[in-house]
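As structure tokens, the structure follows; a few thoughts come after it.
The values are calculated or read from the model by the stated rules, or taken from the named source; none is laboratory data. Not measured: the values here are computed from a predicted model. All Cβ positions, glycine included, derive from the backbone under ideal geometry; neighbour counts span all protein chains shown. Just the protein is used for accessible areas: all its heavy atoms, side chains included, with ligands, DNA and RNA removed. Shrake-Rupley method; radii C 1.70, N 1.55, O 1.52, S 1.80 Å.
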Amino acid sequence: MGARPAIAGRSSSAHIPRMANGFETWLRPEAKGLYCAPGDFYIDPLAPVERAVITHGHSDHARPGHNKVLATAETLAIMRARLGEGAGRTQQPLALGERLTINDVTLWLAPAGHVLGSAQVVLEHKGRRAVISGDYKRRADATCTGFEVVPCDLFVTEATFALPVFVHESDAHEMAKLMASLAAFPERTHQIGAYGLGKCQRLISMMRSVGYDRTIWLHGAMKPLCDLYERHGVSLGDLRLVSEANHDLAGEVVIAPPSAIGDRWSRRFAEPLPAFASGWMRIRARARQRGVELPLIISDHADWPELVQTIRDVGAGEIWITHGRDDALTLQCQAMGLTAKALAMVGFSEEDGE
């Protein structure tokens, strides 16, 4: 971590009175990302900037080359692991709930429930509060701090699964499918495609929660971030690299990047059974296109009911929608009597991680 603070400020917990004020006068989308003018920083910028506040470590939000970076300590650790020197020249960790005053903007972070270290960015300025949620989900996840509802005047929401068709199955339902398949096909290697940050660790944790205590085998690309999660207090049990196995892993579970499913790397396994953990597995055509025999509808993003419920819960009169399917959610917000608009920002697409 750099010696100098990334975004300096003084602690503040004063009550912010409500006042009339247009958000566009101080918070606006620009070519490099969402910009807070009075604080002179960007949130999840798309290109290198002087000052960046980062919601979480996925590469469509945490990009390399910023000069000063503020995020949770876990997100900064993830950025260092993935980006090396590109993680930011100076880095300032901010604990959840800790407040900073930057010029006349009060900034604090609230948990987003997406992946380890993920946070919503809360900004208070001239009597009004904006919450930039980043990516989030509402269901329980033992590998990260759960989503916190922060009442606000403006809520900036993702829209990855913002269509009524997307209703994610319960975790228990999907784990029952996986365990039933393991019991039905003990002669086959279950090879599960899962994104390396967040989804892999959550999937392992879910398996442990239903009593699967055997070794889980990993593609080499998955191990470093699993180790990082372990260092941050997330217990994942016995994990080993596939390269260390001395048999064909019949009856075992292997977790690998989605790109490895069905490629030459898979030939070492016993009648590999391809599976894929993603919210996109709700769409059967996607599973067929990937040759997935066991689609697991496990997502680290809110589904349609969770998006709508969150908008109700935060009580914001104005909703900005970004990086996803904004049309349906815009109409839903308008039907709820809210002001809503799509930011039409580009650059947010890490589909295999959904």
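Being farther than 24 Å from LEU338 by Cβ and among the acidic types (Asp, Glu) is the filter; apply it to the range 151-175 and report the residue that is least open to solvent (accessible area, probe 1.4 Å).
Among those that are farther than 24 Å from LEU338 by Cβ and among the acidic types (Asp, Glu), it is GLU174.
Would you pick out the residues in the range 47-64 that are of a type outside the set (Asp, Glu), surrounded by fewer than 20 Cβ atoms within 10 Å (Cβ to Cβ) and under 27 Å from MET222 (Cβ atoms)? Reasoning before the result, please.
Filtering the range 47-64 for residues of a type outside the set (Asp, Glu) gives 47-49, 51-59, 61-64.
Keeping just the survivors that are surrounded by fewer than 20 Cβ atoms within 10 Å (Cβ to Cβ) gives 47-48, 59, 64.
Those that are of a type outside the set (Asp, Glu), surrounded by fewer than 20 Cβ atoms within 10 Å (Cβ to Cβ) and under 27 Å from MET222 (Cβ atoms): SER59, PRO64.
What do you reckon, is THR189 touching a Phe, Trp or Tyr at 6+ places or on another chain (Cβ under 7 Å) and open to solvent by less than 60 Å² (accessible area, probe 1.4 Å)? Step through it out loud before you land on a result.
Details: touching a Phe, Trp or Tyr at 6+ places or on another chain (Cβ under 7 Å): yes; open to solvent by less than 60 Å² (accessible area, probe 1.4 Å): yes.
It is true that THR189 is touching a Phe, Trp or Tyr at 6+ places or on another chain (Cβ under 7 Å) and open to solvent by less than 60 Å² (accessible area, probe 1.4 Å).
It is to be established whether one or more residues within the range 309-332 are aliphatic (A, V, I, L, M), within 22 Å of GLY33 (Cβ to Cβ) and more than 21 Å from the chain's Cα centre (by Cα).
Scanning the range 309-332, I find at least one residue that is aliphatic (A, V, I, L, M), within 22 Å of GLY33 (Cβ to Cβ) and more than 21 Å from the chain's Cα centre (by Cα), so the answer is yes.
For residues that are in contact (Cβ under 8 Å) with a residue 60 or more places away in the chain and over 24 Å from the mean Cα position of the chain (by Cα), tally how many sit in the range 254-273.
6
Restricting the search to the range 62-121, which residues are farther than 28 Å from LEU203 by Cβ, aliphatic (A, V, I, L, M) and not in a strand (DSSP E or B)?
Correct list: LEU94 only.
Quick check on the range 288-331: of everything there that is modelled with pLDDT of 95 or more and of a type in the set (Asp, Glu), which residue is most open to solvent (accessible area, probe 1.4 Å)?
Result: GLU293.
Take the conditions basic (Lys, Arg), part of a helix (DSSP H, G or I) and more than 19 Å from PHE276 (Cβ to Cβ) and apply them to LYS177. Does it pass? Break it down stepwise before answering.
On the way: basic (Lys, Arg): yes; part of a helix (DSSP H, G or I): yes; more than 19 Å from PHE276 (Cβ to Cβ): no.
Spelling it out, it is not the case that LYS177 is basic (Lys, Arg), part of a helix (DSSP H, G or I) and more than 19 Å from PHE276 (Cβ to Cβ).
Any residue that is under 22 Å from THR145 (Cβ atoms), of a type in the set (Asp, Glu) and open to solvent by 30 Å² or more (accessible area, probe 1.4 Å) - is there at least one of those in the range 65-76? Before you say what the answer is, go through the steps one by one.
Here is the first cut: in the range 65-76, the ones under 22 Å from THR145 (Cβ atoms) are 69-76.
Filter again for of a type in the set (Asp, Glu), leaving 74.
Restricting the remaining residues to those that are open to solvent by 30 Å² or more (accessible area, probe 1.4 Å) gives 74.
The answer is yes; a qualifying residue exists.
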